[in-house]
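K.L.:
Dropping the structure in here first, questions after.
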Amino acid sequence: GFTDRAIEYYTYAFNITQESNNRRKMIENLLHLGDLYLIKEDIDEALVHYESGLISAQEITDQVQEMMAFAKLGEAFDAQGNYTESGRMYKRTLLLARERNDYRTERNALTKLAKSYEMWGDFSRAITYLEQSLAMAQAQEDVADQSWHWRELALLFRKLNQARPAVEAFEMRLALVRSVEDRVAEAETLTELGDLSRAVGNHTQAMAYYKEALELAQAYSLTLQEANVLSSMGMNFHET
């Protein structure tokens, strides 16, 4: 937690690696320094270190560190609110990950790209990247990751005012969380389905989802989920 002290020591380490011409360790130290400046919310300084690390990695054709530098630059631009640049960095990360068959980095880059496009307001493009990432999660049979993806897709379809695909995405998530008996996610998804039904004016269907969510929350003592669904039920009654 002593970020300034950590920066001081990483700077010493960087100077030593620079003097001894240990390029790979030097790049590592630059990226660590960038991470620390990002923690301090000094984004400009973080970008300087990440960019220096990227240039050095490209000079010695170290694709692994180059890929890491692009990903970290993307995160720094996200923190800056510059989603056009962050998207550009994540695309470079994605290309390198695919070239190296690095599936984990590829999936991460796809989700980051989706978020960048969402923040930029291009929901359709965000869905495209998220669906690619979902396909990889399905291939790995990762239930938790799949359920996360389906919820994100449902929320994006809602933003596009596409109710039917949003319902289908929430229903896919509901089936997955039920298969692993994740009661918290089940109650939350039922409530979100109710909210979606209420948004399109189907208050009867909304109440059916809310009642199911409420029974589940009460049965498993899910206090927060119970509070949320009661709030939504109140809004539903108010609107009718």
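K.L.:
Is there a residue being touching a Leu at 6+ places or on another chain (Cβ under 9 Å) and not in a helix (DSSP H, G or I) anywhere in the stretch 183-195?
P.N.:
No, the stretch 183-195 has no match at all.
K.L.:
Could you check the stretch 153-208 and list, in sequence order, the residues that are open to solvent by 30 Å² or more (accessible area, probe 1.4 Å), over 21 Å from L134 (Cα atoms) and either touching a residue at least 40 places away in the same chain (Cβ under 8 Å) or among the hydroxyl-bearing types (S, T, Y) (or both)?
P.N.:
Selection gives V184, R198, A199, T204.
K.L.:
I need the full set of residues from the stretch 48-63 which are more than 26 Å from the chain's Cα centre (by Cα), part of a helix (DSSP H, G or I) and farther than 13 Å from N29 by Cα, in order please.
P.N.:
I55, Q58, E59
K.L.:
Right, next: Please find, within the stretch 48-59, the residue that is nearest to D102 (Cα to Cα) out of those that are open to solvent by 40 Å² or more (accessible area, probe 1.4 Å) and of a type outside the set (D, E, K, R).
P.N.:
Filtering first and then ranking leaves Q58.
K.L.:
Collect the residues in the stretch 210-230 that are under 27 Å from the mean Cα position of the chain (by Cα) and of a type in the set (S, T, Y), keeping them in residue-number order.
P.N.:
Hit for the stretch 210-230 is T223, nothing else.
K.L.:
Take T84 and decide whether it is of a type in the set (V, I, T) and either crowded, with 23+ Cβ neighbours inside 10 Å or outside any helix (DSSP H, G or I) (or both).
P.N.:
Here the answer is no, as T84 does not meet what is asked.
K.L.:
Which of the residues spanning the stretch 209-229 are in contact (Cβ under 8 Å) with a residue 40 or more places away in the chain and surrounded by fewer than 22 Cβ atoms within 10 Å (Cβ to Cβ)?
P.N.:
Restricting attention to the stretch 209-229, the residues satisfying the condition of being in contact (Cβ under 8 Å) with a residue 40 or more places away in the chain are 225, 228-229.
Within the stretch 209-229, N228 is the sole residue that qualifies.
K.L.:
Identify, from the list E66, E45, E41, the residue that is in a helix (DSSP H, G or I), open to solvent by 20 Å² or more (accessible area, probe 1.4 Å), in contact (Cβ under 8 Å) with a residue 12 or more places away in the chain and acidic (D, E). Lay out the reasoning, then the answer.
P.N.:
Values: E45 fails: in contact (Cβ under 8 Å) with a residue 12 or more places away in the chain; E41 fails: in a helix (DSSP H, G or I).
After applying the criteria, what remains is E66.
K.L.:
Are there any pairs, at least 6 apart or on different chains, whose C-beta atoms fall under 6 Å, with the first in the stretch 1-22 and in contact (Cβ under 8 Å) with a residue 12 or more places away in the chain and the second among the small types (G, A, S), and if so, which?
P.N.:
none
K.L.:
Can I ask one more? Please state which of the following conditions R98 fails to meet, knowing it meets all the rest: (1) open to solvent by less than 50 Å² (accessible area, probe 1.4 Å); (2) of a type in the set (K, R); (3) without any contact (Cβ under 8 Å) to a residue 24 or more places away in the chain.
P.N.:
Result: R98 fails condition (1) only.
K.L.:
Here's something else I'd like to know. Just need a number here: residues in the stretch 1-38 that are farther than 19 Å from A79 by Cβ, hydrophobic (A, V, I, L, M, F, W, C) and open to solvent by less than 90 Å² (accessible area, probe 1.4 Å).
P.N.:
4
K.L.:
Now for a separate question. Mind listing just one residue for me: the one in the stretch 127-143 that is over 19 Å from T105 (Cβ atoms) and in contact (Cβ under 8 Å) with a residue 24 or more places away in the chain and, of those, most open to solvent (accessible area, probe 1.4 Å)?
P.N.:
Taking the candidates together, the pick is V143.
The values are calculated or read from the model by the stated rules, or taken from the named source; none is laboratory data. Just so you know, these numbers come straight off a predicted model, no measurement behind them. Note that we place each Cβ from the backbone using ideal geometry, even for glycine, and neighbour counts take in every protein chain shown. Areas reflect the complete protein model, heavy atoms only, side chains present, ligands, DNA and RNA absent. Shrake-Rupley method; radii C 1.70, N 1.55, O 1.52, S 1.80 Å.
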